[in-house]
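Enquirer: One structure, as structure tokens, below. Some questions next.
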Amino acid sequence: MLGNAACKGPAEPHPEAAISITNVSIIDVVDGKVSEDMTIVVQGNVITRIGRGKELKPPKHAKAIDAEGKYIIPGLWDMHAHTSSEPNTRKVLYPTFIANGITGIRVMSADCFDPCWELTLSVEQSRKI
């Protein structure tokens, strides 16, 4: 499901799905600057607006989340992840990554079940690659 969403591109924002995160501090990971008392508006799975708390008025229909004392950073990447191709493991691993702020992974190796066990490469076959 995550892969399909990425292939289709951003979803169209739906006003009924709007969320406003208010009173939050945003960390700029490029220069280390902290912007306090910010508001972020999310519609669907798209951040549509970011602004100073007093200057940005969230949509009236938005679900409000007061994040006073909290910080927001860009999603983290795990560049050396070992995952499994087993569906039950995916149901546990991917949500665990997301719950810990990891929104991107690079899989270094994974379990390989059928038909991988049956694949063998001879010297002749490897020369053709």
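Enquirer: Of all the residues that make up segment 108-120, how many are part of a loop (DSSP other than H, G, I, E, B) and either modelled with pLDDT of 70 or more or loosely packed, with under 10 Cβ neighbours inside 10 Å (or both)? So that I can check it myself, show each step before the final result.
Expert: First, the residues of segment 108-120 that are part of a loop (DSSP other than H, G, I, E, B): 111-115, 119-120.
Narrowing further to those that are either modelled with pLDDT of 70 or more or loosely packed, with under 10 Cβ neighbours inside 10 Å (or both): 114-115, 119-120.
Residues meeting the conditions: 4.
Enquirer: Tell me which residues, restricted to segment 56-68, are without any contact (Cβ under 8 Å) to a residue 40 or more places away in the chain and of a type outside the set (Lys, Arg). Can you show your working first?
Expert: Taking segment 56-68 first, the residues without any contact (Cβ under 8 Å) to a residue 40 or more places away in the chain are 56-57, 60.
Leu56, the sole residue that qualifies.
Enquirer: Now for a different question. Which of the residues spanning segment 60-107 are assigned to a loop (DSSP other than H, G, I, E, B) and either surrounded by 14 or more Cβ atoms within 10 Å (Cβ to Cβ) or in contact with a strand residue (DSSP E or B) (Cβ under 6 Å, 6 or more places away or on another chain) (or both)? It would help to see each step written out before you state the result.
Expert: Of the residues in segment 60-107, the ones assigned to a loop (DSSP other than H, G, I, E, B) are 60-62, 67-70, 73-75, 84-86, 100-101.
Ala62, Ala67, Glu68, Lys70, Ile73, Gly75, Ser84, Ser85, Gly101 - these are the residues of segment 60-107 that are assigned to a loop (DSSP other than H, G, I, E, B) and either surrounded by 14 or more Cβ atoms within 10 Å (Cβ to Cβ) or in contact with a strand residue (DSSP E or B) (Cβ under 6 Å, 6 or more places away or on another chain) (or both).
Enquirer: Hey, among the residues in segment 19-57 that are acidic (Asp, Glu) and in a loop (DSSP other than H, G, I, E, B), which one's nearest to Leu76 (Cα to Cα)? Outline the logic, then answer.
Expert: Initial filter on segment 19-57 (acidic (Asp, Glu)): 28, 31, 36-37, 55.
Next, only the ones that are in a loop (DSSP other than H, G, I, E, B) stay: 28, 31, 55.
Working: Asp28: 13, Asp31: 16, Glu55: 29 Å.
Once the filter is applied, the top-ranked residue is Asp28.
Enquirer: Also, quick follow-up: What pairs come out if I take residues in segment 32-55 that are at positive phi and pair them with residues that are of a type in the set (Gly, Ala, Ser) and at pLDDT below 95 whose C-beta lies under 7 Å away, six or more apart or interchain?
Expert: Sorted first by the residue in segment 32-55, then by its partner, the pairs are Asp37/Gly53; Gly44/Ala11; Gly44/Ala17.
The values are calculated or read from the model by the stated rules, or taken from the named source; none is laboratory data. Because the structure is predicted, anything quoted here is derived from the model rather than measured. Using ideal geometry, Cβ is built from the backbone for each residue, glycine included, and neighbour counts are taken over all protein chains shown.
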